[in-house]
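Heads up: the structure comes next, in structure tokens.
The values are calculated or read from the model by the stated rules, or taken from the named source; none is laboratory data. Keep in mind that what you see is a predicted model, and the values were worked out from it rather than measured. Backbone-built Cβ (ideal geometry, glycine too); neighbour counts: all protein chains shown.
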Amino acid sequence: MNDIFNFFGSILGYLLWWLYYLVGNYGVAIILFTLIVKMFLFPFFIKQQRSMAATAKLSVKQKEIQKKYANDKQRMQIEMQKLYEKEGVNPSGGCLTMILPFLVMLGLYYTVLNPLSNALHLSSEAVNKAVAMLNHVPGIGNSFNTQYAQIEIVKNFTNLKPFLGMFSGDELARLESFNHGFRFLGLNLLDTPCDAANIFGTLFRSNLWIIPVLCLVVYLSSQFITTKMMSAVQQQQQQGCVKYTMYIMSFVSAWFACTVPAAVGFYWIISSALGFVQNVIMNKWYGPDALNAQAEARRVALLEQEEAAIKPIPHVAIKEKAGSKKVEKRRK
């Protein structure tokens, strides 16, 4: 599964490296990177929202069919298919729009997670040798999380340069350039805010405490405001454990932001903030009520066009028709 996400991360990494090359700062590159991908995925989210709204509109009729043919599953499926065809709804229409954004977002994460493979696109053989070499370097070996080994190499490039003979001169130059581009607003995005084993003792020793705090604030705020903007029906659907799970995840994400390189936590913050803006837009212009209103407006407009297309009966024809009726009555 990691190979699939790394594949998407590698593709997206070309965009990240181009943006970094353009602006020369990894923090700014992540912001632009996430913004561009969100804009690319926006039409897919709109299509998914429309599919969900159309399906929700049929829920009452679906329940009636399910109740009527509860003992005849085959007939139930036939009637359901007839309903979808009549209403012009494809029940699987939103599948791709749900899967693709999920793969892309995980690809974004893996792009940030593995900068040597997915941003710089260094040879996998050389990267594997460099990661294995870390275990034998004095002062670094066995003191780092192997999941973030590539970030550790970029972070400690100056000290590790004599050990990085597996890379060519051009690759070393790109690595060195990358090493200098991770400072953003006074923060070193290659550092980790705190040590998971001693979180309370190390959290406030660095200004990186702002990363997990912002991660918590942005996530909580977006969940709270998004919930307030939901319709009454949507809020009822999020009662119970589903509703509280979203808030629990806010604290979980903040915890992880404490213990991973700040570049990863920074990406989470930007992604959550832009996701919130996207939710506001979606809820205002593409929410269930708005989509249903648009559908009704299209239906009314179509009826008006059909009525306008009907040719009126000429006035003379009306008189002739009325006269023929009078003649028939006299004959009777």
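A few points about this structure:
Matching residues to (1) modelled with pLDDT under 75; (2) part of a helix (DSSP H, G or I); (3) loosely packed, with under 14 Cβ neighbours inside 10 Å; (4) among the aliphatic types (A, V, I, L, M):
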{"position": "Lys86", "(1), (2), (3), (4)": "yes, yes, yes, no"}
{"position": "Gly93", "(1), (2), (3), (4)": "yes, no, no, no"}
{"position": "Phe102", "(1), (2), (3), (4)": "yes, yes, yes, no"}
{"position": "Lys129", "(1), (2), (3), (4)": "no, yes, no, no"}
{"position": "Ala132", "(1), (2), (3), (4)": "no, yes, yes, yes"}
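- Residue match in segment 27-48 (condition: assigned by TED's automatic domain parsing to the domain that holds Gln278, modelled with pLDDT under 80 and small (Gly, Ala, Ser)): no
- Scanning segment 252-280 for residues that are β-branched (Val, Ile, Thr) and touching a residue at least 60 places away in the same chain (Cβ under 8 Å) yields Thr259, Val260, Val264, Ile270.
- Check on Ser123, within 24 Å of the chain's Cα centre (by Cα) and at pLDDT 85 or above: no
- Filtering Leu160, Leu203, Leu116, Leu216 for residues that are out of contact with any Lys or Arg (no Cβ under 9 Å at 6 or more places or on another chain), in a helix (DSSP H, G or I) and modelled with pLDDT under 80 leaves a single hit, Leu203.
- Residues of segment 27-52 that are touching a strand residue (DSSP E or B) at 6+ places or on another chain (Cβ under 8 Å) and within 13 Å of Asn118 (Cβ to Cβ): none at all.
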